[in-house]
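Following: one structure in structure tokens, then a few remarks.
The values are calculated or read from the model by the stated rules, or taken from the named source; none is laboratory data. Just so it is clear, the model here is predicted, and its values are computed rather than measured. Virtual Cβ from ideal backbone geometry, glycine too; neighbours counted across all protein chains shown.
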Amino acid sequence: MGTREKILVGLMILAVAYGAVELFFIPPEKSGNNKTSGPDVEAARQMTQKINARIDQADLSPRQEYILELTGRKWQRDPFYVLAQQEEVSKTGSENEPPAQNLKYTGYLEIGDTKMAIINGVEYRTGQRLEPGAGMVQSISPEKVVIKSLDTGQKTSVPYSE
């Protein structure tokens with residue numbers, strides 16, 4: 001081992017030794033880290049009171065007041081898609097009903113020649129099989145999606161809904 005390597009190994013051993021001393025032998029209050037681990041609840045309350053006072057003093061338009069009112073409401077539906085909800089929908093339907101009975105067409109996207117439909121929160125292209133049933137996307141348009149049953153060959157159109 002050359003002189004350069006010996007110096008580097010020696011410095012590394014000193015750094016590890018210093019870290020071990022800091023970690024195991026110096027109490028936390030003497031190491032310069034005096035921050036408390038929990039949140040400062042009183043400071044958060046004071047900040048909330050200041051924000052509420054500023055909102056009360058501000059000259060808000062009716063639209064801004066409405067937006068502030070909406071932020072405090074509970075959401076009627078979970079904004080995040082959950083596959084379990086889709087499985088529940090497919091379990092409630094019977095095997096003999098048309099594949100489009102439990103489907104909701106809520107989005108349309110066209111990029112170049114590619115058309116996509118959002119059905120029950122999942123994106124589909126023409127020819128793809130639907131997840132909750134025995135159906136396939138036959139055609140996609142902005143107004144409706146045509147679903148073909150793989151069992152019976154029956155075609156059902158699902159209109160666009162918001």
- Message: Given the condition at pLDDT 70 or above and within 30 Å of ASN52 (Cβ to Cβ), answer yes or no: does some residue in the stretch 75-86 qualify?
- Response: yes
- Query: Which of the residues spanning the stretch 106-117 are outside any loop (DSSP other than H, G, I, E, B) and over 21 Å from LEU150 (Cβ atoms)?
  - Reply: THR106, GLY107, TYR108, LEU109, GLU110, ILE111, THR114
- Please indicate, with yes or no, whether at least one residue in the stretch 90-108 is modelled with pLDDT under 90, of a type in the set (A, V, I, L, M) and under 28 Å from the mean Cα position of the chain (by Cα). yes
- Would you mind telling me which numbered condition in (1) at pLDDT 85 or above; (2) surrounded by 10 or more Cβ atoms within 10 Å (Cβ to Cβ) GLU65 fails? (1)
- Query: In the stretch 121-162, what residues are over 20 Å from LEU109 (Cα atoms), not polar (S, T, N, Q) and not in a strand (DSSP E or B)?
  - Reply: PRO132, GLY133, ALA134, LEU150, ASP151, GLY153
